[in-house]
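The values are calculated or read from the model by the stated rules, or taken from the named source; none is laboratory data. Just so we're clear, the structure is a prediction, and the values are computed from it rather than from any experiment. Note that each Cβ is placed from the backbone with ideal geometry, even for glycine, and that neighbours are counted across all protein chains shown. The area values use the complete protein model at the heavy-atom level, side chains included, leaving out ligands, DNA and RNA. Shrake-Rupley method; radii C 1.70, N 1.55, O 1.52, S 1.80 Å.
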Amino acid sequence: MSALTRLLMGCWLLVLSGCVEPYTPEAVTAPSNYLVVNGFINGNGTTRIRLSRSVQISSPSVFPAERRASVAIQSLSGQRYPLTETDTAGLYTSKQLTLPANQSYRLYIRTTSGREYASDYAPLKLTPAIDQLQGRVQSNGVQLYLSTHDDQNLTQYYRWEYEETWEFTSAYESLYRYAGNNRMVQRKEDIYHCWRFIPSTTIVTTSTVRLAQDAVRDYRLLFIPLASERLLSRYSVLVRQYALSQAEFDYWEAVKKNTENIGTLFDPLPSQIQGNVHSLTDAQEPVLGFVGAATVVGKRIFITRADLPRDWIPQHEGYELCTGLDYWPNSIKYKDYTMDDMFGDSVYRTPVARQGTVYTMQTMACVDCRLRGTNHKPSYWP
């Protein structure tokens, strides 16, 4: 019997015997109030930096925002570009900027308590264009492929983020609303057609260092199953591409391993992630985050239902419990209920359509698509 086998059997015996005592390592309970810096310096647009504070792993609270800080982009030549805090606490943005490409930049932060922080100076990386972004139909869904290259062989390290948008409808279309005093009026606002926006949540990076050319061909960016609601009507994805330095690439790779590959006995142990933001007040104070500098390029594509096989049947996700309409006042279940009883609380029931003196009705969750998205059509939508 191998040592590993004996170890695994020993672990199972401990579990089965019920002799396991909870253990909370010092790292979980130690005080944690480190500055967290999330964002990058955008060389051809608006820089967005989110500042927050870390919390203990065992804490159920959200990350508290670092508010009212003084934040600015600084160039090695002495130029300063301020960022201001938005209505979202802890989110700081610059004006639309076009930064000179032959400069190095860093992020400077001064908190309300007077503590100062700065990232390392980084040369502005010029991101090459996305050559192709394409959705290809496969037997079980749509695979999105991306291609890009750099003829000058200066990029080599890439990262992508994407934002998905799709059009959908609620389970039923409500044509009326209850206006009180036994009055039904026709709806003026469309709550049947909506759009949903979902940003990417995974870290997507690749490198061409080991390739003969600085080129990415048919990178498998995202897969959409054939039954997904995203394919019901019209779907769009906007992809943003970033050129990275090797240090920034290594940082994102470490973050990826620590967030995606933990969970089994054979996964790598979490490692300390070294960023490039430091405290100028106390060199021993840990700071979390990496601030790079790059231009950004983007590309958007659309996929419509007409582009897909006719036998595909996308599912109306989120409306599984909306199986049928109720009738008022004909339904025996509701025969003793007044109109005010049924529709006065719109969260309970709302009228859908009128059939003579009878109204069909459903819950707001089944008729109001705004509960799952927005009914404001995006400016880029056809």
>> Go through (1) assigned by TED's automatic domain parsing to the domain that holds residue 276; (2) over 21 Å from the mean Cα position of the chain (by Cα) for residue 227 and report which single condition fails.
In response: (1)
>> Regarding segment 80-89, can at least one residue be identified that is on the phi > 0 side of the Ramachandran plot and modelled with pLDDT of 95 or more?
In response: no
> Which residue pairs have Cβ atoms closer than 9 Å, lie 6 or more positions apart in sequence or on different chains, and pair a first residue in segment 184-203 that is of a type in the set (Ser, Thr, Tyr) with a second residue that is part of a strand (DSSP E or B) and open to solvent by 60 Å² or more (accessible area, probe 1.4 Å)?
Replying inline: 200/161
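Does residue 106 fit the bill of being part of a strand (DSSP E or B), within 22 Å of the chain's Cα centre (by Cα) and of a type outside the set (Gly, Ala, Ser)?
no
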>> Consider segment 281-298. How many of its residues are more than 16 Å from residue 116 (Cα to Cα) and open to solvent by 70 Å² or more (accessible area, probe 1.4 Å)?
In response: 0
> Taking strands (runs of 3 or more DSSP E) that fall entirely within segment 144-221, which contain at least 2 residues that are within 30 Å of residue 260 (Cα to Cα) and either open to solvent by 60 Å² or more (accessible area, probe 1.4 Å) or not assigned by TED's automatic domain parsing to the domain that holds residue 326 (or both)?
Replying inline: 193-199
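Could you say which residue among 93, 84, 98 is open to solvent by 60 Å² or more (accessible area, probe 1.4 Å) and in contact (Cβ under 8 Å) with a residue 40 or more places away in the chain? Full working, then the answer.
Details: 93 fails: open to solvent by 60 Å² or more (accessible area, probe 1.4 Å); 84 fails: in contact (Cβ under 8 Å) with a residue 40 or more places away in the chain.
Criteria check complete, one pass: 98.
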>> Just checking, does segment 246-254 include any residue being modelled with pLDDT under 95 and either open to solvent by less than 40 Å² (accessible area, probe 1.4 Å) or touching a Gly at 6+ places or on another chain (Cβ under 8 Å) (or both)?
In response: yes
> Do you know which residues across segment 232-245 are over 19 Å from the mean Cα position of the chain (by Cα) and open to solvent by less than 10 Å² (accessible area, probe 1.4 Å)?
Replying inline: 243, 244
> Looking at this structure, is residue 266 touching a Ser or Thr at 6+ places or on another chain (Cβ under 8 Å), assigned to a loop (DSSP other than H, G, I, E, B) and either on the phi < 0 side of the Ramachandran plot or at pLDDT 95 or above (or both)?
Replying inline: no
> Quick one: what pairs do we get from segment 294-316, first residue aromatic (Phe, Trp, Tyr), second assigned to a strand (DSSP E or B), C-beta under 6 Å, 6+ apart or different chains?
Replying inline: 302/236
> Are any residues in segment 299-316 assigned to a loop (DSSP other than H, G, I, E, B) and open to solvent by 70 Å² or more (accessible area, probe 1.4 Å), and if so, which ones?
Replying inline: 310, 311, 313, 315
>> Just to be sure before I move on: is residue 115 surrounded by fewer than 15 Cβ atoms within 10 Å (Cβ to Cβ) and of a type in the set (Lys, Arg) in the structure I sent?
In response: no
>> Taking the criterion of being outside the structural domain of residue 100 (by TED's automatic domain parsing), touching a helix residue (DSSP H, G or I) at 6+ places or on another chain (Cβ under 8 Å) and either of a type in the set (Lys, Arg) or part of a loop (DSSP other than H, G, I, E, B) (or both), would at least one residue in segment 349-363 satisfy it?
In response: yes
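Does residue 127 satisfy the criteria of being open to solvent by 30 Å² or more (accessible area, probe 1.4 Å), more than 30 Å from residue 309 (Cβ to Cβ) and β-branched (Val, Ile, Thr)?
Working: open to solvent by 30 Å² or more (accessible area, probe 1.4 Å): no; more than 30 Å from residue 309 (Cβ to Cβ): yes; β-branched (Val, Ile, Thr): yes.
Here the answer is no, as residue 127 does not meet what is asked.
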> Restricting the search to segment 110-143, which residues are assigned to a strand (DSSP E or B), touching a strand residue (DSSP E or B) at 6+ places or on another chain (Cβ under 7 Å), touching a residue at least 12 places away in the same chain (Cβ under 8 Å) and under 30 Å from residue 227 (Cα atoms)?
Replying inline: 130, 131, 132, 133, 134, 135, 141, 142, 143
